[in-house]
Amino acid sequence: MSCPLCDDTGWKPVEINGVRQVERCECWRTDAGQKRLSTANIPRRYQHCTLANFEAYNDSLKRGVVLAQRVIDSFPGAEGGDRGLLLIGMPGVGKTHLAVAILKKCISDRAAHGLFYTTSDLMALLRSTYTGEEKATESQVLRTMTAADVLVLDDVGRERATEWRDEMLHLIVNTRYSERRLTIFTTNFDIGSDTTDPDTLPCRVGFRVYSRLHEMCEFIHLDAADYRERPPNATVDDLIAMWKVRNKPALPARAARPARAQLRESAARDGKADLRWPGGRAGS
Ligand SMILES: [Zn+2]
């Protein structure tokens, strides 16, 4: 069916101050948005995600929706550039759902170039450019990641940290920061206060990247049930009940630290034992 506004040319006539001109027709934007959605690399299990079908049954989830909507409404950002989001929370709380909802809306409504990658998939893609498995070169992949109008980097910090990973992540994050492009991050790792704890976000992504995240993103903690563990036909009440159970930690996080310290001490004792045992570690 042809478009009544532009007769399928993609340009529609408009009159501005009495002068007849043409401008991009809505049908072009919709088509371009649809095409760009299909090439945004959104995993099938998240393709249905929108803000409308996100179950916001507590304050942290409601705040998540408000901030996500704010990001959508202010895209593309004017002078100040686009401020992104860092969604923090345990697995299954809906971080990726919100990130994809933002991405899809920016693509479908504004015909933005958008991309979704988990950080580990992105690192694997970069590695495959060295082996020739991937036709694109490293710099082409990097350019694609830095040039996208919207980029979702999912599950940041999960990937194995190496010097090379640090360099790649820093390059992508830093370039997007300088170019003021919208980036949405999700992570399972909390910020934490112990800067030596290897399972905190600053340690997982490195302090350089972490400080950039602060400058380019609003941080939000989502605290909720693991949506993936819900029973079939779960209602919102079921989710609330699951969330309350999850919220009662069996072991406070702090208790883990003395345990780690004990481990370190016993490892140190083993080390000393080795010194006294010229034949190496007993039993080895
Ligand atoms: Zn049209």
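The values are calculated or read from the model by the stated rules, or taken from the named source; none is laboratory data. All figures in this text were calculated on a predicted structure; none of them were measured in a lab. All Cβ positions, glycine included, derive from the backbone under ideal geometry; neighbour counts span all protein chains shown. Heads up: the accessible areas ignore ligands, DNA and RNA and are worked out on the full protein's heavy atoms, side chains in. Shrake-Rupley method; radii C 1.70, N 1.55, O 1.52, S 1.80 Å.
Give me the pairs, please: first residue somewhere in the range 17-34 and more than 9 Å from the ligand (Cβ to nearest atom), second residue anywhere and part of a helix (DSSP H, G or I), beta-carbon distance under 7 Å, and either six or more positions apart or on two chains.
33/107; 33/108; 33/109
From the list 67, 61, 98, 87, pick out the single residue that is outside any helix (DSSP H, G or I), closer than 30 Å to residue 245 by Cα and not aromatic (Phe, Trp, Tyr).
87
Among the numbered conditions (1) touching a residue at least 24 places away in the same chain (Cβ under 8 Å); (2) away from the ligand (no atom under 16 Å from the Cβ); (3) open to solvent by 30 Å² or more (accessible area, probe 1.4 Å); (4) more than 25 Å from residue 180 (Cα to Cα), tell me where residue 83 comes up short.
Against the list (1) touching a residue at least 24 places away in the same chain (Cβ under 8 Å); (2) away from the ligand (no atom under 16 Å from the Cβ); (3) open to solvent by 30 Å² or more (accessible area, probe 1.4 Å); (4) more than 25 Å from residue 180 (Cα to Cα), residue 83 comes up short only on (4).
Taking only the range 181-222 into account, find how many residues are in contact with a strand residue (DSSP E or B) (Cβ under 9 Å, 6 or more places away or on another chain) and of a type in the set (S, T, N, Q).
Summing the residues that are in contact with a strand residue (DSSP E or B) (Cβ under 9 Å, 6 or more places away or on another chain) and of a type in the set (S, T, N, Q) in the range 181-222 gives 4.
Just one of (1) at pLDDT below 90; (2) within 37 Å of the chain's Cα centre (by Cα) trips up residue 44, so point out which.
It is condition (1) that residue 44 fails.
Looking at the structure I just gave you, is residue 59 farther than 29 Å from residue 122 by Cα and either within 16 Å of the ligand (Cβ to nearest atom) or assigned by TED's automatic domain parsing to the domain that holds residue 90 (or both)?
yes
Give the residues of the range 140-162 that are at pLDDT 95 or above and either farther than 22 Å from residue 72 by Cα or of a type in the set (Val, Ile, Thr) (or both), sorted by residue number.
Answer for the range 140-162, where residues must be at pLDDT 95 or above and either farther than 22 Å from residue 72 by Cα or of a type in the set (Val, Ile, Thr) (or both): 140, 141, 142, 143, 144, 146, 150, 152, 156.
How about the range 150-172: which of its residues are closer than 20 Å to residue 46 by Cα and in contact with a Cys (Cβ under 9 Å, 6 or more places away or on another chain)?
Once the filter is applied, which keeps residues that are closer than 20 Å to residue 46 by Cα and in contact with a Cys (Cβ under 9 Å, 6 or more places away or on another chain), the range 150-172 yields only 150.
Identify the single condition in (1) open to solvent by 20 Å² or more (accessible area, probe 1.4 Å); (2) within 16 Å of the chain's Cα centre (by Cα); (3) aliphatic (A, V, I, L, M) that residue 209 does not satisfy, given that it satisfies every other one.
Checking residue 209 against (1) open to solvent by 20 Å² or more (accessible area, probe 1.4 Å); (2) within 16 Å of the chain's Cα centre (by Cα); (3) aliphatic (A, V, I, L, M), the one that fails is (1).
Yes or no: residue 178 of a type in the set (Gly, Ala, Ser) and under 15 Å from residue 84 (Cβ atoms)?
yes
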